[in-house]
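Undergrad: If you scroll down you'll find the structure; I have some questions about it.
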Amino acid sequence: MEIRGIKTFNNALEKINNFMKTQEFKNLIQQQTSTPNISYEPFKYQYHHNKINNPIDEKEINATKTQLFKEISPLFNQIRDYYHYLLTTNRNNESHLGLEYLTQKRKLTIETIKEFKLGYAPLSDKPLSFRLLNYCKKQNIDTIKLIEYGFIKDKTNQQNKTYYHDTFHGSIIIPIENGYNKTFHFYQNNFREVSYFQPKYKSLNNFSQTPTFHFSYRFFEALPYIKQMKTIIIHEGFFDVISCWQNNIKNVVGLICVTQLLSKSQIEILKKENIKVIIALDNDETGQKRSEALGEQLKEENIIYEIRRILPPYDKTCKDVDDLLRQFGKEAYQKCFLDPYITYEEAKNKIIVDLAIYFFGKDKVEIIT
């Protein structure tokens, strides 16, 4: 068996030992020791967020993030634009894999790619990439800062010498902004190869120690449409939001972190603007449980909400909203999330009735309630 180039037990031990010498490992240890009372049961309090003894100081979080935007956004915007440039220019055809994935599999237009400033870290013929590192050196950007933020990783070779390489390699880059063109975080989408060691979505280190999605993904970009329509639709993933935008559904945000509820800051805006909430997460067990948890939170805050899901027959092939829009288009989305509410069982029964009417005629079908 081979796992990402590791063929022997000694090779695995060597890889672990090298990782323990890196700055990334030191940062993880520092985060663990500096965060007291860590719960190792991440779902223990997820349905009772208001009963935790030490409530989150959201004013402090907002102040920290405001300062964070000032300090890091110029650099993060520069890196965002660099990866976006690599994707959209496709120089020497080096980004064709990323473009094919986004335009053919995800069915995104170039306009959409530009709107969300998606990027790509080209796949090289070597195990590691040094492209961003070399670019930043030419721009006189401090390597230590790049390591701290997670863009660059340091490794120790067999001669006990330290070398550096890029974190992103062969992946789609998704920048996270604050709604005012200030980038403060990144996710990478490993669309080629997914494993335990390389999950489909992976974020940079959370060096600020504040919730990345204190405001849901694209909350402030969607806010004008939310106010206009008096409704916010909460989906789960990045591409759910991106596909909705492409289909001119713009009062949509992404929860992303399914283990957290809405922040008090978001709740206050929804209450102030008298916004109705439609919860429409993924069509799996986690999504359904999380929908119920969000519903409980909104109920406690006296906010009107509905829990929606992908209805039959679409649920047979669609796990999420991105699947639904790519396979069946906006009309199916309308039926599931925008038309007057019907239950899942009612939707199933309606399909049977429609089929009966189609085959036998409306005058031959009697509906008994």
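Undergrad: Which GluC sites (Glu not before Pro) from the stretch 92-196 combine a DSSP loop assignment with at most 13 other Cβ atoms within 10 Å? Show your work: numbers first, answer last.
TA: Details: sites: 94, 100, 111, 115, 148, 177, 193; in loops: 94, 193.
Passing both the DSSP loop test and the Cβ count: 193.
Undergrad: So which chymotrypsin sites (Phe, Trp or Tyr not before Pro) in the stretch 138-182 pass both tests, a DSSP loop state and at most 14 other Cβ atoms within 10 Å of the Cβ?
TA: Working: sites: 149, 151, 163, 164, 168, 180; in loops: 151, 168, 180.
In loop regions of the stretch 138-182 (DSSP not H, G, I, E or B), the sparsely surrounded chymotrypsin sites (Phe, Trp or Tyr not before Pro) are 180.
Undergrad: Can you quote the Å³ per residue value for the convex hull of the Cα atoms in the stretch 94-160, rounded to an integer? Write out the running numbers ahead of the final one.
TA: On the way: hull volume 9.3 nm³, N = 67.
Hull volume over Cα atoms, normalised by residue count, gives 139 Å³.
Undergrad: Also, I was wondering about something else. Kirkwood hydrodynamic radius for the stretch 219-338: how many Å is it when counted over pairs of different Cα atoms?
TA: Working: mean 1/r = 0.0702 Å⁻¹.
14.2 Å is the Kirkwood radius here.
Undergrad: Go ahead and run the numbers for FRET between residue 198 and residue 274, Cβ-Cβ distance against an R0 of 41 Å, rounding to 0.05. Could the numbers behind the result be given before it?
TA: Values: r = 44 Å, r/R0 = 1.07.
Working from the Cβ atoms, E equals 0.40.
Undergrad: Right, something else. Pairs 250/350; 70/145; 227/264; 227/330; 155/182: which are spaced more than 24 Å apart, C-alpha to C-alpha? Walk me through the numbers before you get to the answer.
TA: Details: 250/350 29 Å; 70/145 15 Å; 227/264 18 Å; 227/330 22 Å; 155/182 30 Å.
Pairs exceeding 24 Å: 250/350; 155/182.
Undergrad: To continue, here is another question. Contour minus end-to-end for residue 349 and residue 161, with contour as 0.36 nm per residue of separation and end-to-end as the Cα-Cα distance? The partial results should precede the final answer.
TA: Numbers: separation 188, 0.36 × 188 = 67.68 nm, distance 6.75 nm.
Contour length minus the Cα-Cα distance gives 60.9 nm.
None of the figures in this text is laboratory data; all of them are computed from the coordinates on show. Note that the structure is a prediction, hence the values are computed from the model and not measured. Cβ sites come from the backbone with ideal geometry, for glycine too, and all protein chains shown count toward neighbours.
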